[in-house]
Each structure stands twice: as structure tokens, then as C-alpha cells.
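Below is one structure, written out as C-alpha cells, with a few remarks after it.
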Amino acid sequence: MRNHSGVFSVVLSCIFLSATHCAEGQSYRVERVASGLQQPVYMDQAPGDPSNIIYYMTRVTSGGGNAGNGTHGSLWRYDMNTRQSTEVLNLSHRNLTLDLGPQGFAFHPDFNNPGTDGFQKIYVSSAATGGPVNYVEEYAASGPNGTVPVSGGLPVVNRTLLQYNNVFGDNNHVIDWIGFDPRAYDAAPGSPERNYLYISAGDGSNGRPADQRPEQKSNIVQGKLLRIDVDPNKPDFYPADPQKNFAIPDSNPIPLWNSQHVGNELVGTTLNYTGPTATVSYTPALPEIYFTGTRNTFRMSMDKQTGDFWSGDVGEFQREEINFLPADPYDGTQAPYDFGFPQREGTSVFVTRASGDTSIQWDLAGGGSISTNSINPIQEGPHAALNNGSSAADAEIRSTSRSAYIGGYVYRGP
């Protein structure tokens, strides 16, 4: 479940991770820069823009919640000096219910570099009814006043990079956060990493037995973090698939592993089973997978200084997670790192509420193992779904009103 606020604020804060991150006793302040917005879900600044310009995304453009009245979300540019908003991209065609609608956006590192392929490029994640269908699309802000051109009443899509349906048709845990490594913005022009887009895909599943979940299946994008190459000059890795239009970074974990283990590639429906890709009963693991085992990382971020990953994974019945992965962890000796869901929730064995079944039934054909690179969360807490109980954990939930961990940022000041 997500709570959508009608007020948008910029928060300047410190995460006290170590003495190098924030001086002891350093204060923070909260400044309201806009109000009256309808379900804002994300904000960012475009590289190279003046500091007074920010962009934000709303799920709806007027009151009415999930009503099908053509007032669904938009991407806006906001001038903090004039306090004026300009609609850059209208997504009213993305009919929404529950978790659907606009989800996130990212600017290409070359957004303000004329003459480059990334000039004026904006990437948007969204989900719509009819599947539900998840999208990652590339737009060009090449219209009047830096807006996305419109044709036939719809915004012009430059490229659909990724499109897929939720495997069970559930209207929740859809496509989530997308973004570039913040270190790429400072990388030299033409550096490959300037085109590496990260995509967090929710599992699209709620209340189902553990063995039906997609997080541990290497032939499904859901329940994972993906990394793709959006360079239009690179060969499309899926030329026959109109729903996938991107290249694959050579440094992704699965290509790295496969290049060093010829004849023993990552294949099948379980990530840590290896075998010859020529075996008819197995399909190659998707090379866009970066890490696995996440239920719904609605928001995540990368430390601009180190490139480390920080993410909040929303729990189902028992535990909430804050997960951490150091930057650039792969060297070809390991499969993608895994955060354990649905084998476990937090550090506890995952219990399917519908059946109470604690067994984990994986496809282990060929003697494969699961979660050999499993990582525990660095912080976990109880989930509010248990708050009617009488245990100490339930009391903690009631006393703190904890509900869901959805993400945050490392801020180093000033």
C-alpha cells in the first residue's frame, strides 16, 4: 500500500551512517516549495538545469483520485523563483487504479548537451489497466517551452524500451523507480555508463504461495532490479521482440558470468542453476537482471559519491526491509546478488497468509541451489499488517505507526 500526499516538500536531511557522512549534531530543515499538488510521487532535477528548476510527477492532475475522468498524471517543471508549474508531459491515457499510473522518471545525463543522443531525453515508468501493462518509455522534450510534443492527442513516444504485463494480472507492485547511476553524470562524455538505466520492477503478486512468485525466476523481469543500455547506436539485444528495445551492458552480472563460464551458463527458471544453454528444456537467464529477490522496491537510490545502492522493500505480512548493495559488486565469479524474497521476508521465513505454508518450493531441476548470493537487509522492522496482535512486535508497530519502507537518500551536505 502506498500513501499519496497532497503536499509536496523538499527535505534537506542527513543520514547518520558514519562520521564521514554528516557532522555530529548537524541540523536539517524542511522547506515547503509547493502545495496543493495531487498525489505527487517523485521529483528530480535535470542535469545542467539552473538550481531553481525542479521536476515533479503527479498521479492525477486534479481531484478525483482514481476516477476515470481523463485527469490522470503528468510530469511538471517547476520554477521555485516564480512558483509556476509547466506541464511537460501529460499521461492521462495511462488509466489507473490501485498502484497503476505514472511511477517515476529520469533524465539522461546528456539531457542538456546538444548534439548528443541523450539531449532532451526523459525516461518515464508507468503502468496502465489492461494487463496491467508496465512501460518504460523514452520521450524527447523537444516541443515548445521544453515540453514533449503531442500528436493525435497523445504524447509522442520516442522509444518504448520495455513493456510487460503483470504475470497474474494483479493491479499492484508494478514497474517502480528508474534512474541512472549519479556518478554517470560526472563521467566523461561518451562513457558507456552514461547510457545505463536502472529499472526496479515490482513482483506484481500479492497473497500468492511462495513457489508462484517471480522473484527467483530468471526468465521473468518482475521482482528484480534491471540494468539496460539505452544507447540507440548499440545493437538491440532483442531484435525480434517489440516489447524490449535496448542493449545489454557487458558488465551486467549474467553476461559477466556467462563469458567466464562457457558451457556452464546461467539458465533455467532458477537463477543459480547452471548448465549448457543448448539444453532444450532451459532458456537463458535474462541478461538485463542486475539483482533479484525484491518484492516491491517502490523507491531506491544510489549514493552519488560511492554508487552504493539503498532501497526500501515493502513487506507483505511480517517484515519491512532496508537493503544495501555496494557499488559495482560483480566480477564474473557470482550470479546476481539476491535479497531473498519470497524465501524469506526480512530475516524471517516467509509465511504465505492464505495457506500458512512456510515451505519454499523452487524449481531445482538439475540439482541447482537457490540464493547462493543471498543478502540480509541491513535494517528490518515489523509490518503494520500485524498490528491487531498482542505481541511485542505488534506493540512496536502501534507505537510507531510503522507501515512500509519505500526508500530514501544519502545526503552529505552542506
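The values are calculated or read from the model by the stated rules, or taken from the named source; none is laboratory data. Computed from a predicted structure; not experimentally measured. Glycine gets a Cβ as well: all are built from the backbone with ideal geometry, and neighbour counts include every protein chain shown.
Key figures for this structure:
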read-out: Complete set of residues in region 72-94 that are assigned to a strand (DSSP E or B), surrounded by fewer than 17 Cβ atoms within 10 Å (Cβ to Cβ) and β-branched (Val, Ile, Thr); value: THR86
read-out: All positions within region 12-62 that are hydroxyl-bearing (Ser, Thr, Tyr) and either in contact with a helix residue (DSSP H, G or I) (Cβ under 7 Å, 6 or more places away or on another chain) or modelled with pLDDT of 80 or more (or both); value: SER35, TYR42, SER51, TYR55, TYR56, THR58
read-out: Unique match (being at pLDDT below 90, surrounded by 23 or more Cβ atoms within 10 Å (Cβ to Cβ) and polar (S, T, N, Q)) among SER125, SER205; value: SER205
read-out: Qualifying residue in region 165-182 (condition: farther than 19 Å from SER301 by Cβ and either part of a strand (DSSP E or B) or of a type in the set (Phe, Trp, Tyr) (or both)); value: yes
read-out: When residues of region 327-340 are limited to those that are touching a strand residue (DSSP E or B) at 6+ places or on another chain (Cβ under 7 Å) and among the hydrophobic types (A, V, I, L, M, F, W, C), the one nearest to ASP313 (Cα to Cα); value: PHE339
read-out: Residue list for region 82-97, filter: of a type in the set (A, V, I, L, M, F, W, C) and in contact with a His (Cβ under 9 Å, 6 or more places away or on another chain); value: LEU91, LEU96
read-out: Cβ-Cβ under 6 Å pairs, at least 6 apart or on other chains, region 142-171 side touching a residue at least 60 places away in the same chain (Cβ under 8 Å), far side among the aromatic types (Phe, Trp, Tyr) and buried (at least 17 other Cβ atoms within 10 Å of the Cβ); value: VAL148/TYR139; LEU161/PHE246; GLN163/TYR135
read-out: Yes/no for ASP99 being at pLDDT below 95, part of a loop (DSSP other than H, G, I, E, B) and buried (at least 21 other Cβ atoms within 10 Å of the Cβ); value: yes
read-out: Residue match in region 322-331 (condition: touching a helix residue (DSSP H, G or I) at 6+ places or on another chain (Cβ under 7 Å), at pLDDT 80 or above and under 20 Å from SER200 (Cα atoms)); value: yes
read-out: Yes/no for GLY73 being over 20 Å from ASN206 (Cβ atoms), more than 16 Å from the chain's Cα centre (by Cα) and without any contact (Cβ under 8 Å) to a residue 12 or more places away in the chain; value: no
read-out: Among residues of region 287-310, those that are assigned to a loop (DSSP other than H, G, I, E, B) and touching a helix residue (DSSP H, G or I) at 6+ places or on another chain (Cβ under 7 Å), counted; value: 3
read-out: Every residue from region 202-212 that is more than 18 Å from the chain's Cα centre (by Cα) and in a loop (DSSP other than H, G, I, E, B); value: GLY207, ARG208, PRO209
read-out: Qualifying residue in region 311-323 (condition: aromatic (Phe, Trp, Tyr), touching a residue at least 12 places away in the same chain (Cβ under 8 Å) and either within 25 Å of SER251 (Cα to Cα) or in a strand (DSSP E or B) (or both)); value: no
read-out: Subset of region 213-242 that is in contact (Cβ under 8 Å) with a residue 40 or more places away in the chain and not in a loop (DSSP other than H, G, I, E, B) - its residue that is surrounded by the fewest Cβ atoms within 10 Å (Cβ to Cβ); value: ARG227
read-out: Identity of the residue in region 189-201, at pLDDT 90 or above and either aromatic (Phe, Trp, Tyr) or in a loop (DSSP other than H, G, I, E, B) (or both), that ends up surrounded by the fewest Cβ atoms within 10 Å (Cβ to Cβ); value: SER191
read-out: Filtered residues of region 26-61 (kept if among the small types (Gly, Ala, Ser) and touching a residue at least 24 places away in the same chain (Cβ under 8 Å)); value: ALA34, SER35, GLY36, ALA46, GLY48
